[in-house]
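Undergrad: For reference, the structure I am asking about is given below.
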Amino acid sequence: MAIDFLHPWLLLLLPLALLPLLPGGRDTLVFSSIAWLPVDRLGRAAAAVWHALGVSAIAALVLALAEPGQPAGQVARTGRGAEVLVLIDRSRSMDERMLPDDWRTVDPLVLRAQASSRGKPKAQVARELLSHLVAQRTDDRFALMFFSGSPILAVPFTQHEQVVQAGIEAGGIGRGLSSTDVGLALLAAIAEYQPRAFSGSRIILLVSDGGAFLDPPTKALIADGLARNRIGLNWIYLRSVNGPTLEEPDSADGSTPELALHRFFQGLPTPYNAYQADHPDDLARAVRDLRRQLNMPLEFLEAVPRRDFSRVFVVIAALACAAALAYRALALRSWR
């Protein structure tokens, strides 16, 4: 194991640790004839321990000041899973509520009113189920990005569940914005994969309740980026109460943004799966299906931060000083 020091020049003070070995007459006791004294093996052993404690205390303090540690690096890890970038819509419409659990028994004439009063917010349901997905997929590497008018990378790719969970929870702070740019968000998500070496299955998980009309240049950039980086796309469509379904035919003038986006995704050269969620149960089924998909061999390098060992030497110095004080309290200082 390699060791480095943040302040290596302080190691020049290590010779000070030899000071306790120098002879001194402070604790000398006068006796009329040393020859009369028996051989004191226990006393000699105690003196050796005294000197060792002094050397250890000073040396440990110097090493602690130099701040030794294991350098930062990368560790190769393998598993079964995928690199998943979760792209969550944080527009204002995501604050609207989904259908209640008993929506099938509700009169269609009052269904919208019932949903607005008793249903759970779309963003809350999505966060809860995504949190459950992350907790169960310990071998996957997740990244988290929110978007409305502009994308915001909340968590870069990591295998540390607690970091991803904190990012998902932070997405519930405040209210959504009015603008939404799905095209810009997808391009930003694709860009997160570009500097990374291909190591296994790659998926962008889009969680949104709305569509978009993308211009031809944006469509070409998205299709090329997904194909070049070998990224699959999954869309969890959180349908509003009166929103269009993905199965219905598009209007003649193509004026439905959700269907226009769905048709574009269907024509991509990379794998695409759509999951329409009208209520929380649908979203739960979509997440369960995703867990079955994310089970491919995965190899990656994980950045490991520097490990600081200075506290260990501080503890050693403190124990040595405490033992030295105890020794000093028990030492004989006078014949009387």
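Undergrad: Quickly run through segment 5-19 and pick out the residues that are open to solvent by 80 Å² or more (accessible area, probe 1.4 Å) and within 22 Å of Gln70 (Cα to Cα).
TA: Leu6, Trp9, Leu12
Undergrad: Go through Asp95, Asp102, Asp139 for me and flag whichever is touching a Pro at 6+ places or on another chain (Cβ under 9 Å) and at pLDDT below 80. Write out each step before concluding.
TA: Values: Asp102 fails: touching a Pro at 6+ places or on another chain (Cβ under 9 Å); Asp139 fails: touching a Pro at 6+ places or on another chain (Cβ under 9 Å).
When all the criteria are applied, what remains is Asp95.
Undergrad: Could you list, in sequence order, all residues of segment 146-196 that are in a helix (DSSP H, G or I), open to solvent by 30 Å² or more (accessible area, probe 1.4 Å) and among the β-branched types (Val, Ile, Thr)?
TA: Hit for segment 146-196 is Val163, nothing else.
Undergrad: Can you tell which of Ala46, Ala52, Ala60 is surrounded by 10 or more Cβ atoms within 10 Å (Cβ to Cβ), at pLDDT below 85 and not in a loop (DSSP other than H, G, I, E, B)?
TA: Values: Ala52 fails: at pLDDT below 85; Ala60 fails: at pLDDT below 85.
Just one listed residue meets the conditions, Ala46.
The values are calculated or read from the model by the stated rules, or taken from the named source; none is laboratory data. Predicted, not measured: the structure shown is a model, and the values here were computed from it. Note that we place each Cβ from the backbone using ideal geometry, even for glycine, and neighbour counts take in every protein chain shown. Each accessible area value is taken on the protein alone, full model and side chains, heavy atoms only, with ligands, DNA and RNA left out. Shrake-Rupley method; radii C 1.70, N 1.55, O 1.52, S 1.80 Å.
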